[in-house]
Amino acid sequence: MFCYFCQKNIDDIDFKNTELLSRFISGSYKIKPRKKSGLCGHHQKKIATAIKRARQMGMLPYTPK
């Protein structure tokens, strides 16, 4: 499995793009691990930071309703 962002040649991950970020969150709103998400280590760290920022800004929920 290849990294989604390496394939698309995307370097910057924007925390405002919640549609993209929600692909890397499980059903219980946890950040998917590298094995499940299929990301490389570099992009996994960036996606985790972006998800945490989006949660702090109120764009993504911490828990299901």
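So the values come out like this:
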{"item": "From phi via Karplus (6.51, -1.76, 1.60), per-residue ³J(HN,Hα) for region 2-19 in Hz, x at Gly/Pro", "result": "10, 5, 4, 6, 5, 5, 7, 6, 9, 9, 9, 10, 8, 6, 7, 8, 5, 5"}
{"item": "Violating pairs (Cα-Cα greater than 20 angstrom) within the set K30/K52; K8/K45; K16/K52; K16/K36", "result": "K16/K36"}
{"item": "Principal-axis tilt of helix 41-56 within the chain, Cα atoms, nearest 10 degrees", "result": "20"}
{"item": "Nonlocal amide H pairs with I25, under 5 Å, H built at 1.01 Å", "result": "K32"}
{"item": "Gained length - C40 relative to N9, 0.36 nm times residue gap less alpha-carbon distance", "result": "9.9 nm"}
{"item": "Equivalent ellipsoid dimensions for the chain as semi-axes, Å, which come from the Cα gyration tensor, largest first", "result": "20, 13, 9"}
{"item": "Amide H contacts of L60 (H built 1.01 Å from N, under 5 Å, at least 5 apart or other chain)", "result": "R55"}
{"item": "The chain: relative contact order as a whole-number percent, Cα under 8 Å and 6+ apart", "result": "41"}
{"item": "Additional length obtainable on full extension of the chain from S22 to K65, 0.36 nm per residue less Cα span", "result": "13.9 nm"}
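Quick note: the coordinates plus some simple rules give every number you see, no bench work behind them. It should be emphasised that the depicted structure is a prediction, and the values quoted were computed from it without experimental measurement.
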